[in-house]
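J.: Here you go, one structure.
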Amino acid sequence: MHSSRDKNPDPFYKPPTSTQKTSAEIINEARLALRILKTQRPFTPREDQRKLFGPTSSRTTESRPPSSFSLHSSSFECSDSRPVSSTRLSPLPHKPKLPLPSTINDDSTVSTPTPPSHPTLVRRTNITRARLFRAVSHGSLMSDTEIHTEEGRNLQASGDTSLPLKAESGHFATSLPLNNKHLQTHNAESKPQTQGTDPGMPHTPSNKNGRVSSGGRSTSSPCASNTEPALLGNKTVAEAEATLYDVETEDEILYWREKVSPLLQDLELAQQERNVDDLCHICAKLHKVLEGENMLGKRCKRRGQILKALYKLVEIGSDKLGLSLAKLILALKVSGKNLLNICKLTFKISRTENNDCLFQNDTIIDHLLSVLKNEDIQANGEAFLYCLGAIKFLSGNPVLLRDLLQKQAVEILVELMKQIIHFNKHPETSSSFDISHLLVQLTATLRNLADLSESRPKYLASNALPNFCVLLDHYISDKDICTNVSRLLSKLSSYNECCMALAECSSCYPSFLSVLNKHPKKQDLVVRILFTLGNLTAKNKKACEQFYKQKRSIKTLLGLLHSYCEHDISLQKAKANHRKDDPDNLKRPSDVEDVLIKLVRVLANLSIHPVVGTDLAANETCVSLLMKVLEYKSIDECEELVIDTVVAFNNLSYYQDVRSVITDRRLDISQLLLKLLLCNNMDAIVEVVRVFGNLSRHRDVRDFIMEKSVYKFVVILLDAKDQDVCFSACGVLINLTADGNQRALLKEEGGIKKLLDCLRDFGGSDWQLASLVCKAFWNFSENLTDAELCFGKEQAIMLLELLSSFLDGQFAMDYISNGDLMEYHRTCWEMHFRPVAMQLLSRIQSHYSYLEPLPGPV
């Protein structure tokens with residue numbers, strides 16, 4: 001007997017014109033029909049040799065700085081270790097007329113100045129004048145305003161405004177008018193002093209304040225004037241004195257004689273013996289001694305003597321000693337050419353991988369990072385280059401990489417990158433040094449640091465991701481920089497937080513397209529940009545929309561797909577013999593295949609967005625190129641490419657409006673998919689079945705499936721011990737059972753029993769799958785008159801028992817042991833399984849004639 005609800009029974013499948021949902025829509029409600037694709041990040045081979053620019057660099061040998069060079073003590077300049085060479089003063093604009101001693105008589109109106117009564121004031125005045133002449137001889141710069149200000153202040157303190165005519169040495173002296181720009185000094189070089197005295201001048205001990213007596217010179221050595229010429233600007237006279245005319249105190253002299261000088265003598269002796277271990281030990285001890293008295297940096301008044309001694313040791317050529325020297329010299333804050341040479345020295349040592357152990361547990365990395373953080377990049381561009389080159393090499397060592405991260409290398413390098421971007425925005429501040437060479441090292445180091453999971457929050461906190469996109473825009477013609485940035489972004493975009501942050505950066509999409517259009521043939525660059533785009537489109541629907549809205553975005557992707565397909569086809573014959581001889585090579589996609597894999601993945605992920613997916617399904621070029629891939633590429637040649645292409649067809653075949661090219665060419669596509677069912681790759685077979693789940697909405701495709709015995713593969717898949725595989729098979733069977741003339745074939749292949757086994761094995765733990773099995777049974781029993789004849793006696797009883805049990809809510813929830821998923825499974829049971837299961841149970845009970853109807857669920 002038929003129940004009243006079976007007077008006009010409808011299968012669960014209806015064509016798209018029906019108001020009811022299609023089988024594909026039913027499947028999509030139960031489980032996501034459109035699938036995102038994942039793939040491995042492109043492999044970056046490790047360079048055999050450490051060079052500034054690797055073998056794949058686009059820079060020619062002539063256009064890039066060298067990675068090899070020689071260093072000697074003569075390479076260093078003395079400007080960091082001795083006073084500036086003096087030059088002769090230009091002629092004075094006028095000569096003051098002063099009375100000579102012989103012409104001065106007792107009755108003269110010009111009286112000899114009388115010294116102030118207070119001895120302290122006398123000393124202050126003479127010190128000022130002594131310093132004035134010392135400044136002239138050493139080439140230091142002071143404006144006349146500062147000179148006259150200091151002179152006037154001291155003379156007023158003495159109560160005398162007349163000019164002093166004579167110093168205690170017996171020579172006449174006068175104040176000299178100075179040029180307001182730069183004070184020109186004598187050509188004669190200043191000679192080193194001995195024991196703190198000035199040759200030709202009587203030795204006068206300093207007072208307790210460190211000031212010399214009148215007529216005397218400072219007791220400091222030439223390194224006391226170790227200051228390059230610079231304008232004093234807005235400094236006060238006191239600040240100028242502290243900067244330009246430091247004078248040693250008695251305590252400093254004593255400390256030098258007792259602590260520092262003996263170590264310098266030990267260095268000289270050890271140098272003669274060329275004992276590297278002793279020299280390293282002395283350097284470490286000297287560093288500690290200077291640090292203990294706060295004499296590092298440029299605060300040491302005899303710094304020049306130390307630097308000269310250290311520069312000589314470079315000749316020994318020991319890497320261990322060289323690193324000790326570099327650490328100490330950098331701590332003394334050298335500049336100019338000396339800073340460059342020390343960075344070169346460190347770079348040279350770091351080029352040898354076996355020297356990495358010398359950098360471990362050492363503070364040299366702190367000094368290198370300090371150079372990047374504190375020095376002027378425009379004035380020291382080449383020094384920065386070799387400093388960054390050394391850090392790049394060290395970042396290839398896992399231990400040192402973690403050390404760099406702890407020392408805030410990410411923050412320092414990102415800040416340096418922002419400075420460079422600022423220079424590019426303001427060309428008037430640019431340097432003559434080609435800063436792009438430096439950026440290659442910087443981005444390569446950041447790429448290595450991105451390997452550490454702890455580094456990723458640092459990239460986000462420093463707002464690095466948008467600046468990487470800006471860097472791509474500014475240096476789009478530089479293949480090396482673009483490649484490094486693409487490697488960096490491909491790493492970071494593999495992690496959810498970084499990927500979401502990059503997806504929110506709207507500037508990244510035009511930047512990526514610009515790079516793809518600028519360098520379409522540079523495979524290692526293109527593949528990483530595509531990989532990053534694939535990550536963004538897989539995790540963020542907004543990213544799909546933003547990329548799609550970019551001008552020529554899809555045209556660019558399809559243009560690349562066409563060119564790389566043609567290139568792959570041309571290479572296929574040449575590689576055929578090699579692949580036969582090397583079976584392991586089948587597991588590794590070629591460089592061209594890797595690009596195609598990433599390209600197809602982007603298209604498949606873009607298809608998830610309904611607007612983009614509908615347009616791509618209607619794009620003749622897109623569908624034709626995907627079909628071309630399945631035509632010329634076999635699953636044995638490149639498994640990932642073929643499977644990804646089938647997934648792209650699955651996503652595109654979901655959209656079947658009147659514009660769909662997939663709909664128009666559905667039989668051609670079915671024919672291409674058929675050959676994949678004959679392969680031994682289960683993943684490929686499952687993906688093909690998913691596509692048939694969409695295409696089988698059309699009767700001609702269902703006829704093709706039955707004619708080519710595709711349905712047998714579908715029924716066999718129900719035996720798989722995988723819920724997702726059974727899920728896909730049930731999607732096809734729902735459509736096949738809609739045709740009454742095909743149900744008998746499905747029953748002959750054991751389709752009823754296998755569906756029951758699937759319901760029994762997986763129904764209680766997967767209510768979405770259970771609902772699909774019930775929908776297949778509903779279509780199968782459309783014209784049901786006798787349940788036993790339709791299903792078979794044993795199968796009918798089993799089906800009734802399973803439905804009755806599963807419709808018991810408490811019984812159903814007892815299947816779920818995980819409390820966290822309880823609510824999710826209850827929702828699936830109530831929304832997906834229960835409605836169709838109750839209809840199916842009622843239909844079977846009403847047509848079961850051999851036994852009394854089993855009671856339905858309460």
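The values are calculated or read from the model by the stated rules, or taken from the named source; none is laboratory data. The model shown is predicted, which means the values in this text are computed figures rather than measured ones. A quick note on method: Cβ atoms are made from the backbone with ideal geometry, for glycine too, and the neighbour counts reach across all protein chains shown. Just the protein is used for accessible areas: all its heavy atoms, side chains included, with ligands, DNA and RNA removed. Shrake-Rupley method; radii C 1.70, N 1.55, O 1.52, S 1.80 Å.
J.: I'd like to compare 702-715, 590-603: which one has the highest average count of other Cβ atoms within 10 Å, and what's the full order after that?
T.: 590-603, 702-715
J.: Can you order the peptides 732-745, 546-559, 678-691 by their average number of other Cβ atoms within 10 Å per residue, highest first?
T.: 732-745, 678-691, 546-559
J.: Same structure, new question: May I ask you to order 769-775, 758-764, 779-785 by the average number of other C-beta atoms within 10 Å around their residues, highest value first?
T.: Put in order of decreasing packing, that is 769-775, 758-764, 779-785.
J.: Now for a different question. Of 518/633; 407/539; 392/491; 327/392; 320/491; 542/598, which pairs sit farther than 25 Å apart, going by alpha carbon to alpha carbon?
T.: Distance filter (> 25 Å) returns 518/633; 407/539; 320/491.
J.: Using θ = phi - 60° and the Karplus relation 6.51 cos²θ - 1.76 cosθ + 1.60, list the HN-Hα couplings for the stretch 518-523 in order, rounded to whole Hz, with x at every Gly or Pro.
T.: Here the 3J(HN,Hα) series is 7, 10, x, 9, 8, 4 Hz.
J.: Placing +1 at every Lys and Arg Cβ and -1 at every Asp and Glu Cβ, with all other atoms neutral, what dipole size does the stretch 305-452 have around its Cα centre, in debye to the nearest 20?
T.: 260
J.: Separate question: Students sometimes get this wrong: rank 251, 615, 451 by accessible area, probe 1.4 Å, all chains present, largest first.
T.: Accessible-area ranking of 251, 615, 451, largest first: 251, 451, 615.
J.: For the stretch 625-768, what is the relative contact order in percent, using Cα pairs closer than 8 Å and at least 6 residues apart in sequence?
T.: Relative CO of the stretch 625-768 lands at 19 percent.
J.: For the stretch 584-652, what does the equivalent ellipsoid look like in terms of its semi-axes, each the square root of 5 times an eigenvalue of the Cα gyration tensor, given largest first in whole Å?
T.: 23, 11, 9
J.: To continue, here is another question. Which of the residue pairs 298/344; 541/712; 541/628; 337/458; 418/522 have a Cα-Cα distance greater than 30 Å in the structure shown?
T.: 541/712; 337/458
J.: I've got another one for you. Rank 463, 423, 437 by how far each Cα sits towards the positive end of the charge dipole of the stretch 421-483 (+1 on Lys, Arg Cβ; -1 on Asp, Glu Cβ) and give me just the farthest.
T.: Checking the options against the dipole of the stretch 421-483, the answer is 463.
J.: If you don't mind, another one. Leaving ligands, DNA and RNA out of it, work out the accessible area of residue 716 with a 1.4 Å probe and give it in Å² to the nearest 10.
T.: Solvent-accessible area, nearest 10 Å²: 110 Å².
J.: Among rounded, prolate and oblate, which fits the stretch 363-425 when a ≥ b ≥ c are the square roots of the eigenvalues of its C-alpha gyration tensor, a/c under 1.5 means rounded, and a/b larger than b/c means prolate?
T.: Taking the square roots of the gyration eigenvalues as a ≥ b ≥ c, the stretch 363-425 is prolate.
J.: In the full protein assembly as shown, how much of residue 342 is accessible to a 1.4 Å probe, in Å² to the nearest 10?
T.: 0
J.: Per-residue accessible area for residue 39 at 1.4 Å probe radius, Å² rounded to 10?
T.: Rounded to the nearest 10, the figure is 30 Å².
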